[in-house]
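Notes follow the structure.
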Amino acid sequence: METTQAWPSPRERALFTLLFFTGLRISEATGLHWCDVDLDRGRVTLHDPKGRQTVTLPLARQAVDALKDLERQTEWVFPAVKRTGEVASMGYPSSGVSGRHTAESGVEWSPHDLRRTFISVGESIGVPSAAVRRLTNHVVDRRDAHDGHIDFDADDLAPHVQRVADALEGLASGTRGDVVTLRPNTDRPTEQPGDAALQSRG
C-alpha cells in the first residue's frame, strides 16, 4: 500500500484503493459516473453490471476517503482522454497502473488479484458468504436454498464491507487486525490469494 499511495496520480491511487477495499470488477470501477457515487452516505450504484441488474452497494470508509481526493472535472470518476480528444472512462489499466506498480515495487498484480483478495479475506474473517457475494456483485442463484432467500440491501451490507476493509488495511499495514490465515489459492499453489497485491506495501 505504501508504494501505491506514493503514486503521483490521484486517479491511479484512488482506483487501486477503490478496487482493494471493495472487490469491484475493474469494468465496474472505471465505468463509474459521479452521479452514481454518494460519498455522504457511502454508496455506489452500478448500472447493468454483470448480473444484468442495477445494484447499490456500500463503500467502506477507506474507499470514500480515496474518492474524496479526486477532482470532479468530468462526468466520469476515472476519466481518460482518448486519441480522438474525447473524454471517456479510463480503460483497463494493465499497461498503466499495474505496469507502474510492477516497475516500482517489483511485484506483479492485476485488478482481479484485488477482487480475489477481498473475497478471500471476507470469508476468512467470517463474513457470511451470501454477503460477500452481494458485496462483489456475484449473480444470485434464486434456486439456491440459501442465496435465494437472503436479501441484503446497502444498509445491511455496510457493516460487512467495513469489516473486510478494516481487515485488509490491517493486513496491508502489518497489524493484521482480525484476519486469519488465508487458504492457498488453487490456481497459484505457492502463494496465498492476493499476496501480490498485499505485498505492495513494501
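Derivation of every value follows stated rules applied to the coordinates shown; laboratory data play no part. Here the structure is a predicted model, which is why all the values come from computation and not from measurement. So basically every Cβ, Gly included, is an ideal-geometry build from the backbone, and we count neighbours across all protein chains shown.
GluC sites (Glu not before Pro), restricted to the stretch 1-91: which are DSSP loop and have at most 12 other Cβ atoms within 10 Å? Intermediate values should be presented prior to the final figure.
Values: sites: 2, 12, 28, 71, 75, 86; in loops: 71, 75, 86.
In loop regions of the stretch 1-91 (DSSP not H, G, I, E or B), the sparsely surrounded GluC sites (Glu not before Pro) are 71, 86.
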Non-local residues with an amide H under 5 Å from the amide H of residue 33, with H modelled 1.01 Å from N and Pro and chain starts lacking one, are 77
